Amino acid sequence: MRAMPQDQKSPADSPRVYRAASAPWLTGFLVILGVAVAVAGWGHNPLLFAASVCCGAAVAGLGYALYWRPRLEIRDHGVRIINPLRAVVIPWAHIIDVRTRFTVTVVTEAGSHSCFALPAAGPGSALRSGPRGVSQAHPLARTDGAVRTGDLAGTRSGAAANDIRSLWQRKIDTGELDVFTRDDAALEPVRMSYVPAPLTVTLVMAAAGVTLFVTA
């Protein structure tokens, strides 16, 4: 699953948002399918119509919860990762590494946070990236002379990881971020929150639709 940036501006100028490249068409497909399911119940008895509406809403909600909502945001104050059930905001001072072995993962001293929407690029993406994908990769991604597939600059996982590394390095070079003499007690903490509502509503609508269909 490839990913694409939603904003082509520099991350220092405005937030840069990455979603899976498949997110628009998968979400659109499920929304259209949901509408079709809802309309299919028109003209039947009220229970069947209500069941079709609930099931259609569940299908459309699944597209939003699994494909559109998950994303990675690169902001001036830090990195925000939104997964289907959890969101985390990571200030720049807490970041110590960015990995792309399986998915784009931001590493802090307290733990790692992976982005559901940005899995590492596959062999096909690596081939399309070409030699420039290696030469344009951030120096932190090729410290041992080799570049991991997920770090290639021509891939979406590599582009997101390189953006994080570049802005992190820029903040250190300009003195905005001091990783050596920082006061940990004064740092803004990593903030995590669980957001089960989108998937919960989807499951409730699906359950209601099945129940109504059985009782109709």
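The values are calculated or read from the model by the stated rules, or taken from the named source; none is laboratory data. All values reported here derive from a predicted model rather than from experimental measurement. Quick reminder, even Gly has a Cβ in these numbers, built from the backbone with ideal geometry, and neighbours come from all protein chains shown.
Data overview
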item	result
Long-range neighbours under 7 Å by Cβ, at least six apart or interchain, first residue closer than 13 Å to VAL106 by Cα within the range 66-86, second in a strand (DSSP E or B) and among the aromatic types (Phe, Trp, Tyr)	LEU72/TYR18
Test for ALA110: is it among the small types (Gly, Ala, Ser) and over 19 Å from GLU188 (Cβ atoms)	no
Among the candidates ALA51, ALA23, ALA60, residue that is in contact with a helix residue (DSSP H, G or I) (Cβ under 6 Å, 6 or more places away or on another chain) and over 18 Å from VAL201 (Cα atoms)	ALA23
Every residue from the range 17-46 that is surrounded by 14 or more Cβ atoms within 10 Å (Cβ to Cβ) and modelled with pLDDT under 90	ARG19, ALA20, ALA21, SER22, ALA23, GLY41
Hits in the range 190-216 - residues which are at pLDDT below 90 and loosely packed, with under 13 Cβ neighbours inside 10 Å	VAL214, THR215
Odd one out for VAL89 among (1) assigned to a helix (DSSP H, G or I); (2) touching a residue at least 24 places away in the same chain (Cβ under 8 Å); (3) surrounded by fewer than 22 Cβ atoms within 10 Å (Cβ to Cβ)	(1)
Residue tally, condition under 13 Å from ARG19 (Cβ atoms), assigned to a strand (DSSP E or B) and basic (Lys, Arg), over the range 60-79	1
